[in-house]
Amino acid sequence: MKKWKAVLAAVMAGLMVYGCKGMPSEKNTFEPTVSSIYVTKDGTISSATVESYDKDYYKQEALQEYVMSEVASYNQSLGAAAVAHNIDGADPVPVAVTSCTMEDGKAVVIYQYLDSSVFQTFAQEYHDEANQTKAFGTDTVSGGRAQGWLADGSFVKVGKGTEVSDAPQGELDKLSDERMIMVEADHTVTIQTEGKVLYMTQGVTLTGSNTVQVPEGLHYVIFK
């Protein structure tokens, strides 16, 4: 990733270390090992950028300072506060850094977004190729049905383990409050959901009860 190469190069060049001032201390249920997208049951979107690094050269504090500064500037460019995290009682910022770690040769930064539009724009702006999409959205199944999402693909039902079978239309018709994800990309995208994956379009690969790999093209995932 071009942006991350620049980040690590800046750290290696001796970027000043001030620490990650103001980053909220919170536990993430999203603990990725690869670059991926995370969607919660209420539709909140996060993404993780995961890159390898030479642990003999880089410092976590320097990476944190760089990332926080870049995100604060990005938020300010959109007319929001020049901060890189959400503050209690204030309007949420477009992009918030929720975690920034360097451990065992891997740098992991997790971002949370105000909406899907900000997520897509930020991934493009910062050359996050692994998480770039042509289209991305999340809604309840009822909302997705109104947008025609259930009519766009052939769904399969998740059974035991990673077993799948054809999804009866009658079951899909009964779905309502479950969360639905729409994603279109020109490369494979990894998505983790807060709840168990129930249905997905053909071609999507289930790699865990709440993790999928979405191939190139337009696809949908339903979880609860």
Qualifying residues in the range 101-112 (those that are at pLDDT 90 or above and surrounded by fewer than 22 Cβ atoms within 10 Å (Cβ to Cβ)) - the one nearest to ILE37 (Cα to Cα): ILE110
Positions within the range 98-154 being under 15 Å from the mean Cα position of the chain (by Cα) and assigned to a loop (DSSP other than H, G, I, E, B), in sequence order: LEU114, ASP115, TYR126, HIS127, ASP128, GLN132, THR133, LYS134
Any hit, the range 130-139, residues being within 29 Å of GLN76 (Cα to Cα), open to solvent by 40 Å² or more (accessible area, probe 1.4 Å) and in contact with a Ser or Thr (Cβ under 9 Å, 6 or more places away or on another chain): no
Flag for THR162 being of a type in the set (Val, Ile, Thr), within 15 Å of MET200 (Cβ to Cβ) and modelled with pLDDT under 95: yes
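In this structure, does SER142 turn out to be surrounded by fewer than 21 Cβ atoms within 10 Å (Cβ to Cβ), touching a helix residue (DSSP H, G or I) at 6+ places or on another chain (Cβ under 7 Å) and modelled with pLDDT of 95 or more?
Working: surrounded by fewer than 21 Cβ atoms within 10 Å (Cβ to Cβ): yes; touching a helix residue (DSSP H, G or I) at 6+ places or on another chain (Cβ under 7 Å): no; modelled with pLDDT of 95 or more: yes.
No: the conditions fail for SER142.
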Those residues of the range 163-199 which are surrounded by 15 or more Cβ atoms within 10 Å (Cβ to Cβ) and assigned to a loop (DSSP other than H, G, I, E, B), in sequence order: ALA167, LEU175, GLU178, GLU194, GLY195
Test: GLN60 is open to solvent by 50 Å² or more (accessible area, probe 1.4 Å) and either within 24 Å of THR29 (Cα to Cα) or modelled with pLDDT of 95 or more (or both): yes
Qualifying residue in the range 52-71 (condition: within 27 Å of MET182 (Cα to Cα) and touching a helix residue (DSSP H, G or I) at 6+ places or on another chain (Cβ under 8 Å)): no
Cross-chain or 6+ apart pairs with Cβ under 6 Å, the range 210-224 first and open to solvent by 70 Å² or more (accessible area, probe 1.4 Å), then charged (D, E, K, R) and assigned to a loop (DSSP other than H, G, I, E, B): GLU216/ASP186; LYS224/GLU178
Counted residues, the range 22-57 - those being β-branched (Val, Ile, Thr), modelled with pLDDT under 95 and either open to solvent by less than 30 Å² (accessible area, probe 1.4 Å) or over 13 Å from the mean Cα position of the chain (by Cα) (or both): 2
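The values are calculated or read from the model by the stated rules, or taken from the named source; none is laboratory data. As the structure is a prediction and not an experimental result, all values here were calculated from the model. Counting neighbours? That spans all protein chains shown, and the Cβs are built from the backbone with ideal geometry, glycine included. Each accessible area value is taken on the protein alone, full model and side chains, heavy atoms only, with ligands, DNA and RNA left out. Shrake-Rupley method; radii C 1.70, N 1.55, O 1.52, S 1.80 Å.
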